[in-house]
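Asker: Quick one: the structure is below, and I'll ask about it shortly.
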Amino acid sequence: MHTKVAPTHGPNVSAEPMDVLRAFLRAYWLRPENALWMALRSQALDGCAIARPSLDLSCGDGVFSFIHAGGRFDDDFDVFTSVAALDRVHQEHADMFDYVGHGYDPVAVRRPEASIDVGTDLKPSLIAKAKRLDFYGQVVEHDNNTPLPFTDESFQTAYCNSAYWVPKIDLFLSELRRVVRSTGRVVLHVKLDSMRAYTLARHRDVLGDAFLDTIGRGRIESWPTLASRSQWESRFARAGLVVEDVSEIATRTHSHLWDIGLRPLAPLLARMANALDIETRRSIKCDWVNLLGGLLQPICSRNIDLFGSTAEPAELQYLLRPSG
């Protein structure tokens with residue numbers, strides 16, 4: 001089955017929050033904290049029309065954008081069905097998702113309401129996974145630290161949720177400005193450096209290096225351009241991008257939950273789940289999603305903060321337009 005051709009201005013997806021959360025939980029069930037964060041991102045994106053031609057930068061395996069656009073997968077599919085290097089995740093910080101098996105088969109029970117014209121990512125295995133979704137018109141291997149391989153004003157919308165991973169951030173933002181049309185928009189999800197305070201790292205003297213290294217796996221250190229809100233907005237201005245709208249995606253409450261989550265256990269859980277027969281795996285996953293869906297539902301809202309005082313959010317969505 002081929003992806004439906006969406007109109008020039010694709011519809012905003014407006015599914016019930018619980019349905020969206022459960023869809024992400026079914027795909028990311030062994031990392032429920034990631035499922036929650038992606039559901040929050042999807043809520044924020046609901047307010048943005050992804051007009052075509054569209055570009056999804058650092059799309060990874062494409063599962064996030066596929067679900068956000070209204071796609072739903074068969075219960076037997078999830079991102080843990082094709083993983084590798086599980087014995088090297090903790091010691092070497094290996095990416096267990098940087099692998100695609102011959103049997104990788106993301107079966108959809110519902111196609112997205114809109115497709116995306118181009119998806120890019122640095123890792124060939126993730127590009128291969130994204131291609132199998134039949135959701136992107138084209139997938140391109142690309143390093144965001146180099147000029148984008150597209151002509152000027154190629155896209156009406158460019159979306160990226162990984163800008164804080166890019167060391168050459170000024171180049172990257174300038175390239176976004178170049179490839180987006182004068183009437184177009186750039187949608188960025190950016191983490192703020194306030195997240196540094198929303199972790200257990202401040203308790204290193206009590207918890208010790210081994211504890212923090214196990215739960216952290218160097219993730220914050222791998223975000224070289226994590227910055228404050230004012231720093232992000234200065235970068236946008238330098239690149240010729242004007243802030244049209246900004247909205248909160250995740251609070252410090254979400255960040256504290258995400259700080260630990262099931263990250264340390266995920267490789268072991270994946271090994272265990274993938275050793276089960278299909279029916280047993282399906283049954284356990286169903287119960288798992290039902291339980292976690294109920295637990296996470298009360299906090300699956302972008303403005304939930306269980307702390308008393310006000311604080312900077314952990315992640316923001318920026319809607320940007322070219323200046324001039």
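The values are calculated or read from the model by the stated rules, or taken from the named source; none is laboratory data. Keep in mind that this is a model prediction, so the values were computed, not measured. For neighbour counting, all protein chains shown are included, and Cβ atoms are generated from backbone atoms with ideal geometry for every residue, glycine included.
Asker: Go over the candidates 230, 174, 234 one by one and state the one that is surrounded by 13 or more Cβ atoms within 10 Å (Cβ to Cβ) and either hydroxyl-bearing (Ser, Thr, Tyr) or part of a loop (DSSP other than H, G, I, E, B) (or both).
Answerer: 174
Asker: Let me ask you something else. Kindly state which strands (runs of 3 or more DSSP E) lie completely within the stretch 22-121 and contain at least 3 residues that are touching a residue at least 40 places away in the same chain (Cβ under 8 Å) and β-branched (Val, Ile, Thr).
Answerer: On the way: elements: 54-57, 108-110, 116-121.
Qualifying strands (runs of 3 or more DSSP E): 116-121.
Asker: A follow-up question, please. Could we say that residue 107 is in contact with a Phe, Trp or Tyr (Cβ under 6 Å, 6 or more places away or on another chain) and closer than 19 Å to residue 281 by Cβ here?
Answerer: So residue 107 fits the description; yes.
Asker: Tell me which residues, restricted to the stretch 149-169, are more than 16 Å from the chain's Cα centre (by Cα), touching a residue at least 40 places away in the same chain (Cβ under 8 Å) and closer than 22 Å to residue 115 by Cα.
Answerer: The answer is 150, 154, 155, 156, 157.
Asker: Determine, yes or no, whether residue 46 is surrounded by fewer than 17 Cβ atoms within 10 Å (Cβ to Cβ) and over 24 Å from residue 289 (Cβ atoms). Even if it seems obvious, please write down each step before you answer.
Answerer: Working: surrounded by fewer than 17 Cβ atoms within 10 Å (Cβ to Cβ): yes; over 24 Å from residue 289 (Cβ atoms): no.
Spelling it out, it is not the case that residue 46 is surrounded by fewer than 17 Cβ atoms within 10 Å (Cβ to Cβ) and over 24 Å from residue 289 (Cβ atoms).
Asker: Which residue is nearest to residue 251 (Cα to Cα), if the candidates are limited to the stretch 177-193 and must be touching a strand residue (DSSP E or B) at 6+ places or on another chain (Cβ under 6 Å), assigned to a strand (DSSP E or B) and not aliphatic (A, V, I, L, M)?
Answerer: Top of the filtered list is 191.
Asker: A further question on this structure: Could you list, ordered by first residue, the pairs with Cβ atoms under 6 Å in which the first is in the stretch 260-272 and part of a loop (DSSP other than H, G, I, E, B) and the second is of a type in the set (Asp, Glu), at least 6 apart or interchain?
Answerer: From the stretch 260-272, the pairs are 261/33.
Here's the yes/no breakdown for (1) basic (Lys, Arg); (2) modelled with pLDDT of 95 or more; (3) over 17 Å from the mean Cα position of the chain (by Cα); (4) under 27 Å from residue 157 (Cα atoms):
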residue	(1), (2), (3), (4)
250	no, yes, no, yes
257	no, no, no, no
279	no, yes, yes, no
294	no, yes, yes, no
309	no, no, yes, no
318	no, yes, no, yes
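Asker: I'm checking my understanding of the structure. Among residues of the stretch 246-283 that are basic (Lys, Arg) and surrounded by 15 or more Cβ atoms within 10 Å (Cβ to Cβ), which one is farthest from residue 195 (Cα to Cα)?
Answerer: Going through the qualifying residues, I end up with 281.
Asker: Further question: Working only within the stretch 122-159, note down all residues that are in contact with a strand residue (DSSP E or B) (Cβ under 6 Å, 6 or more places away or on another chain) and part of a strand (DSSP E or B).
Answerer: Across the stretch 122-159, the qualifying residues are 136, 137, 138, 139, 140, 155, 156, 157, 158, 159.
Asker: Here are the criteria: (1) part of a loop (DSSP other than H, G, I, E, B); (2) at pLDDT 95 or above. Tell me which single one residue 15 does not satisfy.
Answerer: In the conditions (1) part of a loop (DSSP other than H, G, I, E, B); (2) at pLDDT 95 or above, residue 15 misses (2) alone.
Asker: Still on this model: Can you go through 310, 214, 253 and tell me which one is of a type outside the set (A, V, I, L, M), free of Cβ contacts under 8 Å to residues at least 40 places away in the same chain and within 24 Å of residue 201 (Cα to Cα)?
Answerer: Unique residue meeting the criteria: 310.
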